[in-house]
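In what follows, a structure is listed as structure tokens, so that the remarks can point back to it.
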Amino acid sequence: MNEHPTLPTAACTMFAPLVPLAARHLVPEDDRAAWEAHLASCAFCQAELAAYQREDAALREMVTAPATPPPFARGDIERMLHLTQRASSMPPGRHMSPPPTRGVRPPAVAFVGALLALVVVVACVALAHMPHLTSPATTTAYTPFNYSYTYRVPTKTGGTVTIGDVERPASANAISAELDPTRANADMANAVWQGCVVQLPDLSLGNQGWKPGVCANVPSTANGYESADGLTTRVRIDSQARWSDGQPVTAADFLFAWHLLRDPAIGGTYFAAWPNMRVQIVDSQTLLIHWGAPNSYYLASLWLPEPLHAFAVGPYAGVYAPQGDHYDSALAQRLVRDPRFTQHPIGDGPFQVQSFAPDGSQVVLTPNRHFFSNFFHAPVLDQVIFQAAPDVATLLHTYKAGQLNQAAGFEMSDLPLLPGIPADERVISPGGTVLTVAFNQRANAPAASTNGGVSLFAGPHGLAVRQAFIQGFDLCAAFQTVVHDSNCRDPAIWVPSLFAVGTAGFNPTLPAPVYDPTAAAQALNAAGYPLVNGVRMQADGRTPIHLRLALPCAVTTDTQGFAKALAQNWAKTLGVYVTIVAPGCTTAGLPAGAFDLALVPVQGMLPQLAAYLATGGVHNVAGMSDPAVDTLLHAIQQTGGNNFYSPLFVQLQTALANDAAYLPLIAEPNSSLAEATLGNYSVNLTQAGDTWNISDWFMSN
């Protein structure tokens, strides 16, 4: 962590994982004698221990934040700890699946909480009795998940559905799901809001998988609502569409929401992918969108409306005037902080808010009797209750007790807790986020300071080093150790590339990374990084390679497990000393600052994925810069976005494999429970989540 009075030895590689434990006096009893004997003679580990103790003390002094979160605002949303796994500057639209994220912490303590969590996380990382990482895991044939959806006519009307989660919604307003697309916010948006179009779960349907919601049709070149050059989209709102107060949904409502989302003080970079975008009102029911560049993702880029008429009088009158297109940013910033806007909004979805606990612990919804949709059906339930649980154990107990009809928020490591629950109630489906290792190619990588100012993963040998680290990690063994799965190609979690399972570009025929520690070690030797007395050295042959592996900003049990497996595996196979560190966090929830490697949750669906891969992309924390990848991303944006089987995706897969900028670990699954009596329940890979069709739900008994 700091400069050391001596260099690490081979023994340090074995004992270094115990340093964080020792800082908290948590070294396992079986290892204590060996640890103390080693520490007494190892100046390197003594310095590491002192540094961890100083950091721990400093972190504890920082915990002074209030326990209650302040009112909802853009800055608050972006700093929410749970934002790290799903937030991105999603191009306009809300179609990504939120990953399982534990709990919600007040924004003011999010960063400090993440740092304090490091002590516990690294303690878990430092277990000395880990099994040897070999490759005994089995591999079975890949079978795709069935995302088909067939509507069933309800056999019963009435009743209450209670949904449990370890997350809490930030608000009931659509802007929460747009700017902070967590699972809880998406679930709330599905219930209270509806957009122009609806995307079915089966993404292989391409354009045929899009259906009209509040719009009269799905814009396409065939019906003349999408231009052949992809530059403009005409949106026609159905005249029957109504807000929950009975007022019509209009073009002005969409234009008002567009201003909120593009406001730097509220939506920030929400429309960053389309800097020259313009929107104009044609008539009260029609919008014309000028994207400023060809946009083959135009359907996924459409956004949710906001009820402008609700603010035409009162303290927010004048926040937006369609005549003259005048938008008052200062007034809008006050509006989005108002509890009436966040917790009791007027929506256009199937349900409306009856009550909203200030802390989001419980939200009660009743049917919106004015609901209209060209695809979904009028709700038949009497009530929907969102109920937060403090932890997974409580959530599971409540579900088993029959107090919940659906429960979400489980990680793969929680699955051993589920025995006794009928198999038809356990729903494990692929998620839209791929947990990856990013190899930092930037000059700010810490190890670059002892490598001539160049990252180990960049320069003339950078590709060979990246490939060696991929070959030196036993992913199949990690599956067994971390997520208790012996099948390396489990269709719910296996992913051979950065494309999430079931998305356009996902190719199950791609080979899994080959675990070959011998070849990996030889490649590092050939790159000029020799192994001396069991320790991998820099090119000078004297300076040990010491890498920092940054954890995600929001740490889960699964990410802890993978960090542990990576550190131990590379120490064993490559002789590389890896320190696991807590990162600084960007407002988009990604690692910032100096690190050599980082666990990065990547949104594995284009166009979101482009932000991680393109040169200069807003989420390109690895510093990746590959002209071949950039060219393909540009071509897909212009022509391939709606063609699920476009050959451009195959070419992009090949280019990404050749670049090796990321090591994909696992497609973070969507694990939930749902009673068999919950009719029309259907999971969705996209950001719409499991409640995407909540208006069609019914209780069969």
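The values are calculated or read from the model by the stated rules, or taken from the named source; none is laboratory data. Note that the structure is predicted; figures quoted are calculated from it, not measured. Every residue, glycine among them, receives a Cβ derived from its backbone with ideal geometry; neighbour counts consider all protein chains shown. With ligands, DNA and RNA removed, areas are computed over all heavy atoms of the protein, side chains included. Shrake-Rupley method; radii C 1.70, N 1.55, O 1.52, S 1.80 Å.
Quantify, in whole percent, the carbon and sulfur part of the accessible surface of region 287-363 (1.4 Å probe; protein heavy atoms only). Intermediate results must be reported in sequence, preceding the final value.
Details: 1630 of 2920 Å².
So the carbon and sulfur contribution to the accessible surface is 56 percent.
In sequence order, what are the phi-derived ³J(HN,Hα) couplings for region 540-545 according to the Karplus relation 6.51 cos²θ - 1.76 cosθ + 1.60 with θ = phi - 60°, rounded to whole Hz, with x for glycine and proline?
Values per residue, Gly and Pro as x: 6, x, 10, 9, x, 6 Hz.
Give me, ordered by chain and number, the residues 5 or more places off Thr433 or on other chains with an amide H under 5 Å from its own placed amide H.
Result for Thr433 returns Gly604, Glu668.
Rounded to the nearest 0.05, what FRET efficiency is calculated for Ala222 and Asp391 with R0 set to 35 Å and r the Cβ-Cβ distance?
Calculated transfer efficiency: 0.10.
Taking N as the number of residues in region 195-345, what value does Rg over Cα atoms divided by 2.2 N^0.38 Å take? Before the final figure, lay out each step's value.
Details: Rg = 15.7 Å, N = 151, 2.2 N^0.38 = 14.8 Å.
Dividing the Cα Rg of region 195-345 by 2.2 N^0.38 Å gives 1.06.
So what are the ³J(HN,Hα) numbers for region 380-388, from phi and the Karplus equation (6.51, -1.76, 1.60; θ = phi - 60°), rounded to whole Hz, Gly and Pro as x?
10, 6, 7, 6, 10, 10, 9, 10, 7
Straight-line reach only, C-alpha to C-alpha below 30 angstrom: list the lysines that Lys572 could link to, leaving out same-chain residues fewer than 8 apart.
Cα-Cα hits under 30 Å: Lys564.
Where the centre of each part is set by its Cα atoms, how far does region 504-545 sit from region 396-465, in angstrom?
Taking the Cα centre of each part, region 504-545 and region 396-465 sit 22 Å apart.
Using only the alpha carbons of region 418-539, what is the convex hull's orientation-averaged projected area in square nanometres? Provide the component values of the computation, followed by the final result.
Working: hull surface 41.6 nm².
Dividing the Cα hull surface by four gives the mean projection, 10.4 nm².
Going by amide H atoms built from the backbone, whose H comes under 5 Å of the H on Arg242, apart from near neighbours?
Placed amide hydrogens put Val249, Phe372 under 5 Å from Arg242.
Using the Karplus curve 6.51 cos²θ - 1.76 cosθ + 1.60 with θ = phi - 60°, work out ³J(HN,Hα) for each residue of region 667-673 in order, rounded to whole Hz, and write x for Gly and Pro.
7, 4, x, 9, 10, 9, 10
On full extension of the chain, what length is gained from Asn207 through Gln522, given 0.36 nm per residue of separation minus the C-alpha to C-alpha distance? It would help to have the intermediate numbers written out before the result.
Values: separation 315, 0.36 × 315 = 113.40 nm, distance 4.80 nm.
Using 0.36 nm per residue and subtracting the Cα-Cα distance, I get 108.6 nm.
Say each of Thr509 and Ala317 gets a label point 7 Å from the Cα, pointing the same way as Cα to Cβ; how far apart are those two points in nm?
According to this spin-label approximation, the distance is 6.6 nm.
Name all residues of region 343-380 having a backbone nitrogen under 20 Å from the label point set 7 Å from the Cα of Val153 along its Cα→Cβ direction, giving them as ranges.
373-380
Suppose R0 equals 25 Å. What FRET efficiency, 1/(1 + (r/R0)^6) with r the Cβ-Cβ distance, do His309 and Val282 give to the nearest 0.05?
Values: r = 19 Å, r/R0 = 0.76.
The calculated FRET efficiency here is 0.85.
Residues of region 461-475 with amide nitrogen under 19 Å from the 7 Å Cα-to-Cβ point of Ala34?
Once the point is set 7 Å along Cα→Cβ of Ala34, nothing inside region 461-475 turns out to lie under 19 Å by backbone N.
Over all alpha-carbon pairs of region 161-281, lay out the pair-distance distribution in 5 Å bins, whole %, shortest bin first.
2, 9, 14, 19, 23, 18, 10, 3, 1, 0
Can you list residues whose amide H is under 5 Å from Cys215's amide H, if they're 5+ apart or on another chain and H is modeled 1.01 Å from N?
Placed amide hydrogens put Asp238 under 5 Å from Cys215.
Ignoring ligands, DNA and RNA, what accessible area per residue does region 305-407 give at 1.4 Å, in Å²? Mind dumping the intermediate values first?
Working: 4510 Å² over 103 residues.
Computed with neighbouring chains in place, this is 44 Å² per residue.
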